[in-house]
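Nothing in this text is a laboratory measurement; each read-out follows from the coordinates by a stated rule. The shown structure was predicted, so the numbers you read here are calculated from the model rather than taken from an experiment. So basically every Cβ, Gly included, is an ideal-geometry build from the backbone, and we count neighbours across all protein chains shown.
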Amino acid sequence: MNGYKAFYNGRETDIHADTLLQAKEKAVAFFKPPKSKTHMVHVHLCEKDGEQVTHVAVD
């Protein structure tokens, strides 16, 4: 199970799920945005198989 951080409208939460899609669905259920704004829920991988994942911006 992987760890994800979900964001919506200035709020955030930690989600544990096997896939990004499952994490997004759990985040939408948690934040309960209007159906027209579910695309505004963002989910990012933070932990994979117990190991921290670091995201690096590249030019």
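Just a few scattered comments:
- Cα-based helix-to-principal-axis angle, 20-31 vs the chain, degrees rounded to 10: 40
- Those residues of the stretch 1-38 whose amide nitrogen sits under 20 Å from the label point placed on residue 58, 7 Å along Cα→Cβ: none
- Structure remark: mean-square fluctuation, Gaussian network model of the chain, C-alpha springs under 10 Å; the largest value among 35, 26, 48 belongs to 35.
- Relative contact order for the chain, counting Cα pairs under 8 Å that sit 6 or more residues apart, in percent: 40
- Length gained on full extension, residue 48 to residue 7, computed as 0.36 nm times the residue gap minus the Cα-Cα distance: 12.9 nm.
- Cubic angstrom per residue, convex hull over Cα atoms of the chain: 95
- With contributions of -39500 (n - 2.57) from each DSSP H run of at least four residues, the per-residue ellipticity at 222 nm computed over the chain stands at -6500 deg cm²/dmol.
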